[in-house]
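The values are calculated or read from the model by the stated rules, or taken from the named source; none is laboratory data. A quick note: this is a predicted structure, and the numbers were derived from the prediction, not measured. Heads up, the Cβs are rebuilt from the backbone with ideal geometry, glycines too, and the neighbour counts pull from every protein chain shown. With ligands, DNA and RNA removed, areas are computed over all heavy atoms of the protein, side chains included. Shrake-Rupley method; radii C 1.70, N 1.55, O 1.52, S 1.80 Å.
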Amino acid sequence: MHTQRMAVSVSVLALLTLAACGTESGSGSGSGDGSDTVQSDVPVTGVAWSVDSLTVGGKKTEAPAGSRLEIDPKGRAKASFGCNHISADARVEGDRITFGKPVSTQMACDETTEKAEKAALAAMDGEVTAKLSGEKLTLTTEGGDTIALSEEKPAGLVGTRWAVNTLLSGETATSVPADLPKERVPHLTFGEDGTVHGNSGCNSFHSKAAVKGSTIDFGPPAGTRKMCPEAEMEVERAVLAALDGPATYTIKGSTLTVTSKDGKGIGATAAPAKSEGTQEHG
């Protein structure tokens, strides 16, 4: 199952490379020079794509929240369908895709993600073409199955409600348990006054958060002191360890990554803020 999922994701990633190097609608760049790849105005590095849906055998499946594709500045392709993190090298020759051996985390995925990954596996079975139209990208198999994607605009650090879904420790990534009570799912929001508040997995918290460039200096947290089941306390300890002292952060599309100087970190996805108050004090 993991091997198949990795192959699927890498194929998608390779196709992103093709799409990014293809001709953008309305860009005015043509293919009259006869080369295999056509230059366009679409930036390749630093572009994040969210996976909107997959259509297999005429049946459309919505992609799990946080499903995305990207190519980093070094040309390394990366993908996630809401659970595992996958990376690989990819080479495009015309409309043919050649990709290197993928590297993937081995996290357990929930039922919704498993369903989406199975749909992705079916959609990516065989040769696939890519069509880029404005901020929309469509990947299509010979049989007509498709994967629909949209270009992500970077979310703002301040004022966004970030739902934590991944715990990082050095090179190890672990997903936040999918069966946590809704009010215990960790989240955080940065304020314009240099503070951060949210829920760390059991207790609500707030602290100072001085942002400068790509770094955040977190002050000691304060908050409630409730005891929760061990699974929730374990998540809380990991979240608070990442929000302790100086840390670096990156935002790619709707995904935030915060990493402390000792390698502890979190991955989070931008989420609506309308229920924030309820979740913090639940």
- Message: For a quick check of your reading: which strands (runs of 3 or more DSSP E) sit entirely within the range 109-207 and have at least 2 residues that are open to solvent by less than 30 Å² (accessible area, probe 1.4 Å), modelled with pLDDT under 90 and of a type in the set (A, V, I, L, M, F, W, C)?
- Response: 128-133, 136-141, 146-151
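Looking at the range 233-260, which of its residues are of a type outside the set (A, V, I, L, M) and either surrounded by 22 or more Cβ atoms within 10 Å (Cβ to Cβ) or on the phi > 0 side of the Ramachandran plot (or both)? Write out each step before concluding.
Pass one, the range 233-260, residues of a type outside the set (A, V, I, L, M): 234, 236-237, 244-246, 248-250, 252-255, 257, 259-260.
Across the range 233-260, the qualifying residues are 245, 253, 255.
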- Return a yes/no flag: does the range 209-219 have any residue that is under 16 Å from residue 168 (Cβ atoms) and either open to solvent by less than 70 Å² (accessible area, probe 1.4 Å) or assigned to a strand (DSSP E or B) (or both). yes
- Message: Please go through (1) assigned to a strand (DSSP E or B); (2) at pLDDT 60 or above; (3) aliphatic (A, V, I, L, M) for residue 97 and return the number of the only condition it doesn't satisfy.
- Response: (2)
- Taking the range 187-222 and keeping only residues that are small (Gly, Ala, Ser) and either under 21 Å from the mean Cα position of the chain (by Cα) or at positive phi (or both), one is left with 194, 198, 200, 201, 213, 214
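For the range 147-160, which residues satisfy the criterion of being under 22 Å from residue 49 (Cβ atoms) and not polar (S, T, N, Q)? Before the answer, list the steps.
If we filter the range 147-160 for residues that are under 22 Å from residue 49 (Cβ atoms), which is where we start, we get 147-157, 160.
Result: 147, 148, 149, 151, 152, 153, 154, 155, 156, 157.
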